[in-house]
């Protein structure tokens, strides 16, 4: 699975587009969000946040594996993307609170963002660095 992801998703295009998708989705006004009474899954938005920010860290990590084979540089880059994702998630919640109509700050969303980033950070450390070591 990881070689497939590296082959097709390690170009700069994918992490940049994913970052823009996150910004657009989290900046949508509240009235544009679907509110289907029959299709209500409790805390589904938290799973979305985990996926968004996990994808952010994973895609930027995949991009970095194409740029360098030095393990120390990769580990540092993965950690930097993890930290950026945490600040990005928190910042977007503040943007929602103060500038997006119909949206508000939710600490549970911030925690979900951090969880997704943390899971992807772990995957990057365990799987991507291991693949780079075997590639040398």
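Helix 13-26 and the long axis of the chain differ in direction by around 20°, with both axes built from C-alpha atoms.
Against the chain, whose longest principal axis is taken from its Cα atoms, helix 107-123 shows a tilt of about 20°. For the chain, the longest principal axis of the alpha carbon atoms and the long axis of helix 44-67 meet at an angle near 30°.
In terms of packing, defined here as the mean over residues of other Cβ atoms within 10 angstrom, the peptides 76-82, 59-65 line up highest first as 59-65, 76-82.
Among the listed options (i) 15.8, 61; (ii) 16.2, 54; (iii) 14.4, 47, the one matching Rg and Dmax of the Cα atoms in Å as calculated from these coordinates is (ii).
Just so you know, all these numbers are worked out from the coordinates, no wet-lab data involved. Given the structure is predicted, the values throughout are model-derived calculations rather than measurements. Note: ideal-geometry Cβ built from the backbone for every residue, glycine included; neighbour counts use all protein chains shown.
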